[in-house]
Amino acid sequence: MVIGVLALQGAFSEHLDVLAKLNIETRKVKKPEHLEGLAGLIIPGGESTTLGRLMTKYELFDPIKDLVQRGRLALFGTCAGMIIAASEVVGYDQPRLGVIDIAVRRNAYGRQIDSFEADLEVPAIGGPPVRAVFIRAPYIEMVGPGVEVLAEHDGHPVMARTERVLVASFHPELTTDYRVHEYFVQQIAGK
Ligand code: GLN
């Protein structure tokens with residue numbers, strides 16, 4: 001199984017490191033041809049408008065969307081990656097994949113707490129809470145039918161999934177707890 005990490009902008013090298021620690025073969029994705037044969041793709045945190053601009057420039061939106069919709073590629077979007085995956089970005093008309101029926105609010109926690117950490121109960125993962133690092137994070141304002149909420153913080157969903165798409169508001173690649181990545185890998189392997 002090879003998992004790609006979109007390597008245009010943002011925290012991609014940390015995701016590659018975590019996957020390597022889990023003994024997963026990885027590939028940096030910068031162009032459409034790098035998607036060939038991948039079982040999964042992680043879209044990292046960063047800045048979603050910049051990420052969207054670069055994905056448009058390198059013509060990555062259509063092939064990724066097509067592979068996900070045909071059930072050929074599992075997607076994991078973290079933070080800005082969650083914004084890119086969403087069907088709606090509240091107040092912004094920015095390029096996105098629209099592969100998971102959620103409305104997300106950017107920079108949802110405001111300036112005064114623009115970065116913070118929290119312990120999240122994630123029943124689907126089990127065990128001790130997941131330590132989540134939020135950096136100018138979005139949260140999920142609306143989930144459509146067929147989207148399962150996996151974790152909430154302060155009454156807002158911050159982690160959710162469908163059969164092929166996993167999203168998280170936070171940065172699981174910035175801690176040494178690899179359970180969220182393991183969960184993504186297990187979701188792919190179970191298919
Ligand atoms: N605030 C960023 C955005 O709106 C996301 C921040 C992040 O990915 N850590 O795109």
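For the condition aliphatic (A, V, I, L, M) and in contact with a helix residue (DSSP H, G or I) (Cβ under 6 Å, 6 or more places away or on another chain), what is the one hit in V133, V122, V147, V143?
On inspection, the qualifying residue turns out to be V133.
Which residue pairs have Cβ atoms under 8 Å apart, sit 6 or more places apart or on different chains, and have a first residue in segment 11-23 that is within 17 Å of V133 (Cβ to Cβ) and a second that is among the acidic types (D, E) and crowded, with 18+ Cβ neighbours inside 10 Å?
Pairs found: A11/E173; E14/E173; H15/E173; D17/E173; V18/E173.
I need the strands (runs of 3 or more DSSP E) fully contained in segment 29-119, keeping only those with at least 3 residues that are open to solvent by less than 30 Å² (accessible area, probe 1.4 Å).
Details: elements: 40-43, 74-78, 86-89, 100-105.
Those strands (runs of 3 or more DSSP E) span 40-43, 74-78, 100-105.
Quick check on my filter: what residues within segment 132-154 are closer than 13 Å to A118 by Cα and either more than 16 Å from the ligand (Cβ to nearest atom) or of a type in the set (D, E) (or both)?
A151, E152, D154
C79 passes all but one of (1) on the phi < 0 side of the Ramachandran plot; (2) within 11 Å of the ligand (Cβ to nearest atom); (3) of a type in the set (A, V, I, L, M, F, W, C); which number fails?
So C79 meets the others, but not (1).
All but one of (1) touching a strand residue (DSSP E or B) at 6+ places or on another chain (Cβ under 9 Å); (2) open to solvent by 10 Å² or more (accessible area, probe 1.4 Å) hold for G190; state the number of the condition that does not hold.
Just one mismatch for G190, condition (1).
The values are calculated or read from the model by the stated rules, or taken from the named source; none is laboratory data. Computed from a predicted structure; not experimentally measured. In this analysis, Cβ positions are derived from the backbone assuming ideal geometry, glycine residues included, and neighbour counts consider all displayed protein chains. For the accessible areas, the whole protein counts, side chains as well, though only heavy atoms, and no ligand, DNA or RNA atoms are used. Shrake-Rupley method; radii C 1.70, N 1.55, O 1.52, S 1.80 Å.
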